[in-house]
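Only the coordinates and a few stated rules stand behind these numbers; no lab work does. Note that the coordinates shown come from a computational prediction; the quantities given were computed from them, not determined experimentally. So basically every Cβ, Gly included, is an ideal-geometry build from the backbone, and we count neighbours across all protein chains shown.
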Amino acid sequence: MTEKELLVQKIRNGTVIDHIVAGKALQVLSILGVSGSEGKTITVAMNVPSRKYGRKDIIKIENTYLSSEITNKISLITPHATVNIIKEYEVIEKRPLELPEEFIGLFKCPNPNCITNSDEPIETKFYLTSKDPPLLRCRYCGRIYSSSEVI
Ligand SMILES: [Zn+2]
């Protein structure tokens, strides 16, 4: 099998996330909550040549259909990724990512004095206050951060 054939090999059923920023696939899997310990067949291709972006990562998760609620969580890390839902080798849904209105428990607040960084068992929560560029406001300390500050 040539390298190209391997990369384009289709899955029968599942979710393919394409055009991930090169090198970010493992971070994306962690945010999606997919560790591999569930026994699912997961293919991760990193730093694949891409006509559009130079290099990209691709993730294929077989027999799993990820909801947009879940996949949208990765939009701050890789805003131009596309999610393809595959059934019987056909792409039945191709959806771009959308920035969610809030991010719960995903990122740590960069403010060391924020209550979420104390010993209190409080889950972090950020609200999207601006889309382009994305700005996030911490629900607890009220500070506003760019996406690179919280990731
Ligand atoms: Zn905070």
> Which Cα, out of S148, N47, T124, lies furthest along the positive dipole direction of the chain (beta carbon charges, K/R +1, D/E -1)?
Replying inline: N47
> Based solely on its DSSP helices, what 222 nm [θ] is calculated for the chain when runs of n ≥ 4 H residues each add -39,500 (n - 2.57) and the sum is averaged over all residues, nearest 500 deg cm²/dmol?
Replying inline: -3000 deg cm²/dmol
> Mind checking the dipole of the chain: about its Cα centre, +1 per Lys or Arg Cβ, -1 per Asp or Glu Cβ, Debye to the nearest 20?
Replying inline: 420
> Counting alpha carbon pairs within less than 8 Å and at least 6 residues apart, what relative contact order, in whole percent, applies to the stretch 1-136?
Replying inline: 24
> If you add up the charges near I104, with Lys and Arg at +1 and Asp and Glu at -1, over every other residue whose beta carbon is less than 14 angstrom from its beta carbon, what do you get?
Replying inline: +1
> If you line up the Cα atoms of the stretch 15-151 on their principal axes, what length do they span on each, largest first, in Å?
Replying inline: 49, 33, 24
> Which ³J(HN,Hα) values in Hz, rounded to whole numbers, follow from the phi angles of the stretch 130-147 under the Karplus curve 6.51 cos²θ - 1.76 cosθ + 1.60, where θ = phi - 60° and Gly and Pro get x?
Replying inline: 8, 9, 9, x, x, 10, 10, 10, 6, 5, 9, 9, x, 6, 10, 10, 7, 5
>> Can you compute the FRET efficiency between S146 and L26 using 1/(1 + (r/R0)^6), with r the Cβ-Cβ distance and R0 = 25 Å? Round to the nearest 0.05.
In response: 0.65
